[in-house]
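Following: one structure in structure tokens, then a few remarks.
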Amino acid sequence: MSPAARRTSGRRTPSGVRTAPYGFLLPAVVLFALFFALPVGYALWLSLHKVDVQGLGLGRNARTEVWAGLENYIAALTDSELGYGALRVLGYGAIVVPVMLGLALLFALLLDTERVRARSFSRLTIFLPYAIPGVVAALLWGFLYLPDVSPFHHVLERLGLPQPDLLDGGPLFVALANIAVWGGTGFNMIVIYTSLRSVPAEVYEAAKLDGATPLQIALRIKIPMVVPSLVLTFFFSVIATLQVFSEPTTLKPLTNGISTTWSPLMKVYNDAFVAGNVYAASATAVVLAAATFLLSFSLLRASDSRAKRQGTR
């Protein structure tokens, strides 16, 4: 080693350079601690406590916070309303996820064809409903569902056709799913379309030289190429379905078919802010978070194992 190189290697890094990365990480760490770690920790703490009421609950020391252990969790897991809400969300998701991802894939494939016209305008039109807040979208569709104000019911009445009540019974699931599909298809379409645009054009040219039709290219080349994007959008759609709250809550004043515990998150809200039992609500929220984490982890493991099996072939 030359003397110059020896002097260079012997220099010490200034302390400011060594601590600079931690300074850049500090704002993210503070925000993570304040708005994620601290609320989660406080929810866990609340879920392990309850209020002990003495007498009529009046007076300074009539209500005291005591240790409850797993009592709130046992009550949440044995609550029939939470179970019924989970079943309703599963039925809702069975409609939303396949329909939304199917439409997103179809629109992405159509926009990726060579003969499509007004591609930018079509892409913006499909994506635009995603930019509308969920509460606004639910109100918009809610008034379109109401028989007294809906133009669709007026047209059906003039034509002498039956007028279904979309806010009660089985059609209620379709009405709620329609709002989610209308608002979420555009985002998933953009993800899949971006993945399609990243495929090299030489792949399509080689397929055309081999005599492949546009349908064969879509089924045998494009769709297999965007499987990772489909898995990603499926993952996001499942999580969003488990967290459904704004749509049924917004439509609840318009119908008697939606209860205050229609979905698990609505039950958490009802327990915390209507019944005033933040301890039971925290336990239910922790249970829902754990279920969502386990489901997400299982989906990721299944996706990774599938990718590894395909890689070994």
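Using 0.36 nm per residue, how much length does the chain from residue 125 to residue 309 gain when fully extended, once their Cα-Cα distance is taken away?
Numbers: separation 184, 0.36 × 184 = 66.24 nm, distance 3.86 nm.
Between residue 125 and residue 309, full extension yields an extra 62.4 nm.
Which lysines, if any, have their Cα less than 29 Å from the Cα of residue 50, not counting same-chain residues under 8 positions apart?
Leaving aside lysines fewer than 8 places away in the same chain, those within reach of residue 50 are 267.
Pick out which of 138, 291, 104 has the largest mean-square fluctuation in a Gaussian network model of the chain, springs linking Cα atoms closer than 10 Å.
291
Taking a virtual spin label 7 Å from the Cα of residue 87 along the C-beta vector, which residues in region 274-306 bring their backbone nitrogen under 11 Å of it?
Label zone hits: none.
Build a GNM of the chain with springs between Cα atoms under 10 Å: which of 302, 94, 281 gets the top mean-square fluctuation?
Taking springs between Cα atoms under 10 Å, the residue moving most is 302.
With point charges of +1 on the Cβ of Lys and Arg and -1 on the Cβ of Asp and Glu, referenced to the Cα centre of region 32-162, which listed residue (87, 121, 155) lies farthest in the positive direction of the dipole?
121
Taking the Cα centre of the chain as the origin and placing charges on Cβ (Lys, Arg +1; Asp, Glu -1), which of 261, 43, 280 is farthest toward the positive end of the dipole?
Final value for the positive-end residue is 43.
Which whole-Hz couplings ³J(HN,Hα) result when phi for each residue of region 89-103 is put into the Karplus expression 6.51 cos²θ - 1.76 cosθ + 1.60, θ = phi - 60°, listed in order with x for Gly and Pro?
Residue by residue, region 89-103 yields 5, 5, x, 4, x, 5, 8, 5, 4, x, 5, 5, 5, x, 5 Hz.
Points 7 angstrom from Cα along the Cβ direction at residue 161 and residue 26: gap in nanometres?
With each label point 7 Å from Cα toward Cβ, the separation is 6.5 nm.
Quick one, which of [x] 118, 73, 37; [y] 85, 82, 37; [z] 111, 75, 32 is the actual Cα extents along the principal axes in Å calculated for this model?
Looking at Cα extents along the principal axes in Å for this model, the match is [y].
Can you work out the Karplus-derived ³J(HN,Hα) for every residue in region 21-32? Use 6.51 cos²θ - 1.76 cosθ + 1.60 with θ = phi - 60°, whole Hz, and x for glycine or proline.
x, 5, x, 5, 7, 4, x, 5, 5, 5, 5, 4
May I ask you to list the lysines whose Cα is less than 30 Å away from that of residue 222, ignoring any residue fewer than eight positions away on the same chain?
Here the lysines satisfying the reach criterion relative to residue 222 are 208, 308.
Give me the extension gain from residue 299 to residue 174: residue separation times 0.36 nm, minus the current Cα-Cα distance, reported in nm with one decimal.
Using 0.36 nm per residue and subtracting the Cα-Cα distance, I get 42.4 nm.
Can you give the accessible area per residue of region 69-126, in Å², using a 1.4 Å probe?
60 Å²
So if we plug the beta-carbon distance of residue 260 and residue 291 into 1/(1 + (r/R0)^6) with R0 = 25 Å, what FRET efficiency do we get, rounded to 0.05? Don't skip to the answer; put the middle values down first.
Details: r = 21 Å, r/R0 = 0.83.
That gives a FRET efficiency of 0.75.
The values are calculated or read from the model by the stated rules, or taken from the named source; none is laboratory data. Computed from a predicted model, the values in this text were never measured in an experiment. Counting neighbours? That spans all protein chains shown, and the Cβs are built from the backbone with ideal geometry, glycine included. Quick note on the areas: whole protein, heavy atoms, side chains included, nothing else; ligands and nucleic acids left out. Shrake-Rupley method; radii C 1.70, N 1.55, O 1.52, S 1.80 Å.
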